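Just so you know, all these numbers are worked out from the coordinates, no wet-lab data involved. What you are looking at is a predicted structure, and each value in this text was computed from that prediction instead of being measured. Cβ: placed from backbone, ideal geometry, glycine included. Neighbour counts: every protein chain shown.
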């Protein structure tokens with residue numbers, strides 16, 4: 001993402017303020033972090049549900 005920012009700054013249209021471009025990239029980075037956090041939480045939930053399913057299978061098997 002940083003390299004993309006450098007490329008855009010080099011080809012920068014001077015009518016478009018650099019601060020707006022930087023704010024756009026900061027927001028994109030924040031959105032990516034939020035997405036990665038949500039993905040991590042979903043992965044943890046999936047692992048927990050898989051564990052619960054295995055425990056349920058063991059309980060049924062032992063009965």
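Structural remarks
- Each of 61, 51 has some number of other Cβ atoms within 10 Å of its Cβ, and from fewest to most they run 61, 51.
- Added length on full extension, which subtracts the Cα-Cα distance from 0.36 nm per residue, residue 43 to residue 60: 3.5 nm
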